[in-house]
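Colleague: Dropping a structure here in structure tokens format, bear with me for questions.
Values in this text are rule-based calculations from the coordinates and carry no lab data. These numbers were taken from a predicted model, which means no experiment stands behind them. Virtual Cβ from ideal backbone geometry, glycine too; neighbours counted across all protein chains shown.
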Amino acid sequence: MSINVSFTLNGEAVSAHVASRTLLVEMIRERFGRTGTHVGCDTSQCGACVIHVDGRSVKSCTMLAAQADGTEIVTIEGVAKNGQLHPMQEAFREHHGLQCGFCTPGMIMSALDLVKQNPDPSEKEIREWLEGNLCRCTGYHNIVRAIKAGADSMRVG
Amino acid sequence: MTENGFGAAVRRKEDHRFITGLGQFVDDINRPHQLYAQIIRSPIAHGKINKVDVDAAIAMSGVVAVFTGADMAADGVGGIPCGWGITSKDGSPMVEPGHPPLAAECVRYVGDQVAVVLAETRAIARDAAELVDVDYAELPSVANLESASADGAPLVWDDAKGNICFDWEIGDKSATDAAFAGADQVVTIDIVNNRLIANAIEPRAAIGDYDAGKDEYTLYTTSQNPHVIRMLMGAFVLSIPEHKLRVIAPDVGGGFGSKICHYAEEAIVTWASRKVNRPVKWTADRSESFISDAHGRDHVSHAELAMSKDGDFLGLRVSTRANLGAYLSTFGPAVPTILYATLLAGSYKTPAIHAEVKAMFTHTVPVDSYRGAGRPEASYLLERLVDKAAKQTGIDPIELRRRNFIQPEDFPYQTPVALEYDTGDYDAAVVKAIELADYANFDQRREESAARGKLRGVGISTYIEACGIAPSNVAGALGARAGLYEVGTVRVNPTGSVTVLTGSHSHGQGHETTFAQLVVEALGVDFDNVDIVHGDTGKVPFGMGTYGSRSAAVGGVALMNALEKIRTKAKKIAAHLLEASEDDIEFKDGQLSVAGTDRSVAFGDVAMAAYVPHNYPLETLEPGLEETAFYDPKNFTFPAGCHICEVEVDPDTGVVQVVRFTAGDDFGRIINPMIVDGQVHGGVTQGIGQALYEQCVYDDSGQLLTGSMMDYCLPKADNVPNFAVTTNVTPCTHNVLGVKGCGEAGAIGSPSAVINAVLNALSDYNVDDLQMPATSERVWQAMQGNG
């Protein structure tokens, strides 16, 4: 069965007919070509697919596209504005918070939701928040530093 | 130091695309009119294939084709080759079974490929795969080393009696026996090196794309070494001449060794693409990764250390059984032999060493390299054994190590197990590490932990490893079926920007930055005017890729040699332009000057002159400014270091938390300290994962119980502390960069430091031994006396 799904994707109104079982991440990657959102597992563990749906971080591999109808979606491609990196993106670069880059979009999207809820998170709070985001390269050390620095500049900025 | 040159913590060029979501991983690539492949895999560990009924699947709307092993065999498709041959101690070659990409007669592990469905969408391919009906006659199986070794055990391969692939040895047995006969004391240990799954966060993927017009194939694949895949798949499996096969490994989301191997799926999509004349794309889901990516480690060992009454090491005897899985993976046989037993001298002057390794087949996923590949197994065994010796003799563990260290004046040092270490200063790393770890005040921290009801322990390891396997002729004599050099091409463009083509492959290591730093240092060009191209056999000369911490020590040196050729030619051109003698030209900071004068020409102008050779010595010099170097190292490099771990154990639950971790490493000279620190953080975390969390578990029938990220425990952010890292530098003596390699050290040095720390924390509990992973249950049971 095919259904029509419409939402706002990084500020742009989009719409598509998809099979009703289509996952949100599939729709974003395959119908709209926004491939910055990644799929790293099939059990909601890794967090490479984290996006924002109506301002909250969500694992887009665990949500049907149909459930996103009428929502406002932001993916990693929508974080930088007018060619200007977001302070959190800049912090990941500055603090070497990424190596292979595969988990990075999910990490950044997750970090942005953390800072929204807790503008000045402690190291411990950052580590606990990242429970749903796996990284196999960095050992998290520099991701934690990056998120702390990103939060600091967002407060200042 | 030049800004952005050698030694600078330059921020990475590659980051921008990854933090903005513009990286291009294989699954991000789509080819026009592509089909989606779904592999049908064996659900049983061992069985005969009676019949594969594909009728219902083919009848499904949207299905284009279903192929089986019989179809591939009918096309004359060859087996997946093994890249390393080992000879048993009786002189016989290892048992080397055939490995068809799709099994036609028999399946030998859960996950073995049986058939492939090609369909218009991924969803249709998955649905149709459910309709492929394979009739198996299930056969008895062996799921682990113990059952494979039992009398009368079912055989994985009929010609591998006792399931033994090879029975290999290294070292002088009689000298070692003599050392034990003369020893005052002997320490023994039994070690299980737990089986692991690499779990790069990007699952493997492959797209085969056949161009009928040109009769050419392109394979996009998640590989650490695209040229190796082109050679193995083109020459051995599909008989495609290399000039008709292009392999592209674009952005790759982590490898850790698991993406070295040539996998069946690469051959299946490439072959199938020609069969249906459409591109064919396959992407593993994570469940598939668990049962198809090469696994790592899985050794069981017994070791004995002979000592004098003063604690001098006299001899080491090691007996290891290694699980190779059901088939030989690309470098599977090299891991428990050449990459393992040759490292058993560690940092110590043990004069006699003998090791024997029985490699065995089991009905499990093939086993191959995982970060460190053999060296973590050697280091873990040795550093656990030395700690046990310290406990048994009552000598302080650091003092016992120091007493036996190879000293700086001993280099070059020939070990009893084939390697010749070129340089090092092991005590210097210990001094740095214990200072950074504030080791002197550990007792105070232990009391603080005790006040909170926690048992605190400290553990140390002093590891050594060998990187950049070389030289090729020696590796060949040891069984390598490939060269182990690397290639670098420097293409100076007419306007002075530089394109580097390297055979190394970056999948997180940051070559696009560090290799550019080498160019900046050598040519004085702007960092932003350097581009590093890798991962495409259509662009890059034949190179061997990235594994074994070889990129800087082999690929970086190849690049340096090519840069030196550019410098030499640029000086000749400058000499002509400046009407001076070539010997008088100085090349510094991007300017070529006549020594002692103010006459100079910018490197960019030299480049332009090379491509617009109007004023140019055409009689003696070719136009253009592009040079290539192939570099085959004289020896391995030998990073070493000291890791110190502190843990807290909760006595009520057995939960272990790493609370401090310090690494003092010697990687030789360092191109980018920020990147090196990051490699250590990641490596140590994988080592902590092995020590405390990760374990691949099969049940007795060969079913993988840890088949998802819910069951296989990867370290999370709150499982690890911040890391304290420092380096001591003894430059490698045999390469121009003085570099050694840093990618694997973290995973090599850390597991023993962690377990030694846990045992230290349990020192009041009479716990002698603890196998990895030291899960809360295992620790708690050991504390109850049930270890």
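Colleague: Over segment A:87-156, what per residue volume does the convex hull of the Cα atoms give, in whole Å³?
Modeller: Residue-normalised Cα hull volume stands at 69 Å³.
Colleague: On a straight-distance basis, which lysines could pair with B:Lys51 in a cross-link, Cα separation under 25 angstrom, same-chain partners fewer than 8 positions away excluded?
Modeller: The qualifying lysines are B:Lys275.
Colleague: Let me ask something additional. Tell me, what HN-Hα J-couplings in whole Hz come from the Karplus equation 6.51 cos²θ - 1.76 cosθ + 1.60 at θ = phi - 60° for each residue of segment A:125-132, using x for Gly and Pro?
Modeller: 5, 5, 4, 5, 4, 7, 3, x
Colleague: Given axes a ≥ b ≥ c from the Cα gyration tensor, I'd like to know whether chain B is rounded (a/c under 1.5), prolate (a/b larger than b/c) or oblate.
Modeller: oblate
Colleague: Can you tally the net charge around B:Asp90? Count Lys and Arg as +1, Asp and Glu as -1, for every other residue whose Cβ sits under 13 Å from the Cβ of B:Asp90.
Modeller: Within the 13 Å Cβ shell, the charges total 0.
Colleague: May I ask for the angle, rounded to the nearest 10°, between helix A:104-117 and the longest principal axis of chain A, with both axes built from Cα atoms and the value confined to 0 to 90°?
Modeller: 80
Colleague: Roughly what would the spin-label model give for B:Glu105 and B:Val474, points 7 Å off Cα along C-beta, in nm?
Modeller: Between B:Glu105 and B:Val474, the simple spin-label model gives 4.1 nm.
Colleague: A further question on this structure: Suppose only helical runs count, i.e. DSSP H with n ≥ 4. What mean residue ellipticity at 222 nm does that imply for the protein assembly as shown under -39500 (n - 2.57) per run, divided by all residues and rounded to the nearest 500 deg cm²/dmol?
Modeller: Counting only the DSSP helices, I get -8000 deg cm²/dmol.
Colleague: Over the Cα atoms of segment B:647-717, each weighted equally, I'd like the Debye log10 I(q)/I(0) at q = 0.11, 0.12 Å⁻¹, rounded to two decimals.
Modeller: Each listed q corresponds, in turn, to -0.43, -0.50.
Colleague: Determine the shielding of peptide B:203-209 by partner chains: average, over its residues, the number of Cβ atoms on other chains within 10 angstrom of each Cβ.
Modeller: If you average over the peptide's residues, the count of other-chain Cβ atoms is 1.
Colleague: Counting only other chains, what is the mean number of Cβ atoms within 10 angstrom of the Cβ of each residue in peptide B:667-679?
Modeller: Across the residues of B:667-679, the mean count of other-chain Cβ atoms within 10 Å is 2.
Colleague: Follow-up question, since we're still on this one. May I have the extent of the alpha carbons of segment B:11-98 along their three principal axes, as whole Å values ordered from largest to smallest?
Modeller: Taking max minus min along each principal axis of the Cα atoms, segment B:11-98 gives 55, 49, 27 Å.
Colleague: About its Cα centre, how strong a charge dipole does segment A:2-78 have in debye, to the nearest 20, once Lys and Arg get +1 and Asp and Glu get -1 at the Cβ?
Modeller: Roughly 140 debye, rounded to the nearest 20.
Colleague: Based on the mean of other Cβ atoms within 10 Å per residue, sort peptides B:100-113, B:74-87, B:245-258 so the most packed one is first.
Modeller: Going from most to least packed, we get B:245-258, B:100-113, B:74-87.
Colleague: How much FRET efficiency would the formula 1/(1 + (r/R0)^6) give for A:Thr43 and B:Asp764, where r is the Cβ-Cβ distance and R0 is 41 Å, rounded to 0.05?
Modeller: The calculated FRET efficiency here is 0.55.
Colleague: Seen from all sides and averaged, what is the projected area of the convex hull of the Cα atoms in segment B:671-787, in nm²?
Modeller: 10.5
Colleague: Roughly speaking, what is the centre-to-centre gap between segment A:42-106 and segment B:29-99 when only Cα atoms are used, to the nearest Å?
Modeller: The two parts, judged by their Cα centres, are 37 Å apart.
Colleague: Could you work out the mean count of beta carbons from other protein chains within 10 Å of each residue's beta carbon in A:39-52?
Modeller: 5
Colleague: Could you work out the local net charge near B:Pro279, counting Lys and Arg as +1, Asp and Glu as -1, over the other residues with Cβ closer than 9 Å to its Cβ?
Modeller: Spelling it out: positives minus negatives among the neighbours equals +2.
Colleague: Given the Cα-Cα distance of B:Glu130 and B:Asp583 and 0.36 nm per residue of separation, how much length would full extension add, in nm?
Modeller: Result: 155.8 nm gained on full extension.
Colleague: While we're here: In nanometres, what is the gap between the two model label sites at B:Ser239 and B:Asp711, each 7 Å from Cα along Cα-to-Cβ?
Modeller: About 4.1 nm, to one decimal.
Colleague: Using amide H atoms built in the peptide plane, which far-off residues or other-chain residues are under 5 Å from B:Val533 H to H?
Modeller: Amide H to amide H, under 5 Å and 5 or more residues apart or across chains, B:Val533 pairs with B:Val500, B:Leu501, B:Thr502.
Colleague: Filter the cross-link list A:Lys148/B:Lys13; A:Lys124/A:Lys148; B:Lys173/B:Lys391 down to pairs whose alpha-carbon distance in this structure exceeds 18 Å.
Modeller: A:Lys148/B:Lys13; B:Lys173/B:Lys391
Colleague: Assigning unit charges at the beta carbon (Lys, Arg +1; Asp, Glu -1) and nothing else, what dipole magnitude in debye, to the nearest 20, does segment B:623-748 show about its Cα centre?
Modeller: The calculation lands at about 520 debye.
Colleague: Another question about this same structure. Let me spell out the model: positive unit charges on the Cβ of Lys and Arg, negative unit charges on the Cβ of Asp and Glu, origin at the Cα centre of the protein assembly as shown. What dipole size does that give, in debye rounded to 20?
Modeller: That gives a dipole near 760 debye.
Colleague: Find out how many positive minus negative residues lie around A:Leu24, taking Lys and Arg as positive, Asp and Glu as negative, among other residues whose Cβ is under 12 Å from that of A:Leu24.
Modeller: Local net charge: +2.
Colleague: Can you give the translational diffusion coefficient of segment B:122-244 in µm²/s, computed by Stokes-Einstein from the Kirkwood radius over Cα pairs at 25 °C and 0.890 mPa s?
Modeller: Estimated via Stokes-Einstein, D reaches 115 µm²/s.
Colleague: Return the loop-located trypsin sites (Lys or Arg not before Pro) in segment B:307-351 (DSSP other than H, G, I, E, B) with at most 11 other Cβ atoms within 10 Å of their own Cβ; answer none if there are none.
Modeller: Filter output for segment B:307-351: B:Lys309.
Colleague: Using a Förster radius of 56 Å, what is the FRET efficiency between B:Thr2 and B:Asp650 based on their Cβ-Cβ separation? Nearest 0.05, please.
Modeller: Once rounded, the FRET efficiency stands at 0.65.
Colleague: Taking the Cα centroid of segment B:145-167 and of segment A:107-157, what is the distance between the two, rounded to the nearest whole Å?
Modeller: Comparing the Cα centres of segment B:145-167 and segment A:107-157, I get a distance of 50 Å.
Colleague: Under 23 Å between alpha carbons, and skipping anything fewer than 8 positions from B:Lys281 in its own chain: which lysines qualify?
Modeller: Cα-Cα hits under 23 Å: B:Lys214, B:Lys244, B:Lys259, B:Lys539.
Colleague: Let me ask something else. With just the Cα atoms defining each centre, how far is segment B:743-760 from segment B:537-570? Give it in Å.
Modeller: Computed from Cα coordinates, the inter-centre distance equals 33 Å.
Colleague: From Cα coordinates alone, what are the radius of gyration and Dmax values for segment A:1-120 in angstrom?
Modeller: According to the Cα coordinates of segment A:1-120, Rg and Dmax are 14.2, 47 Å.
Colleague: Evaluated at 37 °C with a viscosity of 0.692 mPa s, what Stokes-Einstein diffusion coefficient in µm²/s does the protein assembly as shown have when Rh comes from the Kirkwood expression over alpha-carbon pairs?
Modeller: D, rounded to a whole number, is 113 µm²/s.
Colleague: Based only on other Cβ atoms within 10 Å, what is the fewest-to-most ordering of B:His243, A:His52, B:His363, B:His302?
Modeller: B:His243, B:His302, A:His52, B:His363
Colleague: Oh, and also: Please name which of A:Cys61, B:Gly234, B:Met674 has its Cα lying farthest along the dipole of the protein assembly as shown towards the positive end, using unit charges on Cβ (Lys, Arg +1; Asp, Glu -1) and the Cα centre as origin.
Modeller: In the protein assembly as shown, that residue is A:Cys61.
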